[in-house]
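Data first, discussion second: the structure below is written as structure tokens.
The values are calculated or read from the model by the stated rules, or taken from the named source; none is laboratory data. Since this is a predicted model, take the numbers as computed values, not measurements. Counting neighbours? That spans all protein chains shown, and the Cβs are built from the backbone with ideal geometry, glycine included. Note: accessible area is taken over every heavy atom of the protein model, side chains too, but ligands, DNA and RNA are not part of it. Shrake-Rupley method; radii C 1.70, N 1.55, O 1.52, S 1.80 Å.
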Amino acid sequence: MKQTPENFDTIIIGGGLAGLCNAIHLSKFGKSVLLIEKNSYPKHKVCGEYISNEVLHYLSFLGINPFDFGAVKINNFQLSTTNNRLVSAKLPLGGFGISRYQLDYILSEKAKENGVIVLQDTVVSTRFNNDIFEVQTKNSENFYSKIAIGAFGKRSLLDVKLERDFIKKKSPYLGVKIHVRGKFDANKVALHNFKGGYCGVSKVEKDVINLCYITNFSSFKKYKNIADFQENEVFKNEFLRAIFKQSTPIFDEPLSISQISFETKNPVENHMIMSGDSAGMIHPLCGNGMSMAIQSAQIASKLILNYLDGQILSRKQLENEYISKWNKQFKWRLKAGHFIAMLFRNDKMANFLLHVVRKIPFLLPIIIKQTHGKPIKL
């Protein structure tokens, strides 16, 4: 596939939520888009699979109604600590559950319908010269564009090649996910803490329960495998023990991912607009990463359209406006997420906080609001 520079207005590297939403948004307005994704669709990913309702209007704008594809409405939240104390609350905005397997596939089909070229390949290098991006793939093809969007997720070899600061630091976190069938209230998302980690529980389409937990690798490496770790650590939380033991796994083996980083990232690197987890990742404890990825695409796409249409006059202005809007929308959420996670890493503090919110119930929705935004205005 040979292309010349004018063929692509934008090249998007990575086809997760942020990459796909950028692709649909830009192509909706007639821009030529190449999206390069190393995996085929559909594919399961380690993910909490709960999305705040703040993005519903934007998904509708893109032509997607998740409830047409089996998404589950969620309005209630439940939290337990390591000593098995429980508290419940109404979610201020509410949300929905849908698997990445389903949602990424839906978005990829919509992107293709809009005329986006979706290429299954791996990007090995990017160069920026004379105001044009040159992107080389593993299959030794070179592509060119006016704009490049980095949407390659939590951690990538491209992060190494771009010499991003966060990639130089090792991350101690491990994520594990399985889908199961069993009994669980479809209208609820739960967060159950265990020593060294916590597990999110919620339903997705087809009456499937998603179980996704994150833990310190130092806690995990004491055991010979995931099953052994779960039996000796995760199941000390009686709520998790009940859910796991009373359900039937759908996956042959759990999915896992290591080196999850919550370090600060720059929203722009070497003139590439970073979107989704590539720009910054909220702590999974806060359960709003998918919403942030989708919303970051909306911010990036609106500004890129203004730049390509001449309303933003320079690349420097585009980059500065994106950094400013990204920070305004997400910087406080990330700080709040780090702070909340830090508190919950201390068992005594977590139990004390739970005692407080049980005595003063309206505090929990206020805390939740710190890591969530308002519905997206179009």
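Between the amide H of S32 and those of D9, T10, distances stay under 5 Å, these residues lying 5 or more places away or on another chain, with hydrogens modeled in the peptide plane.
If a/c stays under 1.5 just call it rounded; otherwise compare a/b with b/c (prolate if a/b is bigger, oblate if not). Do that for segment 80-172, with a ≥ b ≥ c from the square roots of the Cα gyration tensor eigenvalues. Oblate, since a/c reaches 1.5 and b/c is not below a/b. Starting from the Kirkwood Rh over alpha-carbon pairs, what translational D in µm² s⁻¹ does segment 170-231 have by Stokes-Einstein at 20 °C and 1.002 mPa s? Once the numbers are plugged in, D ends up at 170 µm²/s. The angle separating the long axis of helix 17-28 from the principal Cα axis of greatest extent in the chain is about 40 degrees. Starting from the coordinates of the alpha-carbon atoms of segment 238-293, obtain the Kirkwood hydrodynamic radius over all distinct pairs and give the value in Å to one decimal. Averaging 1/r across every pair of different Cα atoms and inverting gives 14.4 Å. Axis angle, to the nearest 10 degrees, between helix 315-345 and the longest C-alpha principal axis of the chain: 10 degrees.
Divided by 2.2 N^0.38 Å, where N counts the residues, the Cα radius of gyration of segment 134-201 comes to 1.76. Structure remark: mean-square fluctuation, Gaussian network model of the chain, C-alpha springs under 10 Å; the largest value among E319, E49, E141 belongs to E141. Using only the alpha-carbon atoms, how far is helix 289-308 inclined from the longest principal axis of the chain? Give it as 0 to 90 degrees, nearest 10. Relative to the chain, helix 289-308 is tipped by roughly 20 degrees. Evaluating 6.51 cos²θ - 1.76 cosθ + 1.60 at θ = phi - 60° for every residue in segment 145-158, the Karplus couplings come out as 7, 7, 10, 10, 10, x, 10, 9, x, 5, 7, 8, 4, 5 Hz, glycine and proline recorded as x. With 19 Å as the limit, write out which pairs from K45/K206; K183/K206; K183/K203; K45/K325 have Cα-Cα distances beyond it, or answer none. Where the Cα-Cα span goes over 19 Å, the pairs concerned are K45/K325. Out of every Cα-Cα pair that the chain contains, those further apart than 36 angstrom amount to 21 percent. Rg of the Cα atoms in segment 1-68, relative to 2.2 N^0.38 Å, amounts to 1.28.
For segment 289-340, the alpha-carbon coordinates run over 42, 19, 10 Å along the three principal axes, in decreasing order. Pairs of Cα atoms in segment 217-352 fall into 5 Å distance bins, from 0 up to the last occupied one, in shares of 2, 8, 14, 15, 14, 13, 11, 8, 6, 4, 3, 1 percent.
In segment 273-332, taking the dipole from charged Cβ atoms about the Cα centre, the farthest positive-side position among A279, L313, Q295 is held by L313.
In units of the rule-of-thumb radius 2.2 N^0.38 Å, segment 29-128 shows an alpha carbon radius of gyration of 1.40.
Hydrodynamic estimate: the Kirkwood radius of segment 306-378 over Cα pairs, inserted into Stokes-Einstein at 10 °C and 1.306 mPa s, corresponds to D of 105 µm²/s. The alpha-carbon atoms of segment 208-263, seen along their principal axes, cover 35, 22, 20 angstrom, with the largest extent given first. Ranking of M290, M349 by solvent-accessible surface, largest first: M349, M290 (1.4 Å probe, protein heavy atoms only, all chains present).
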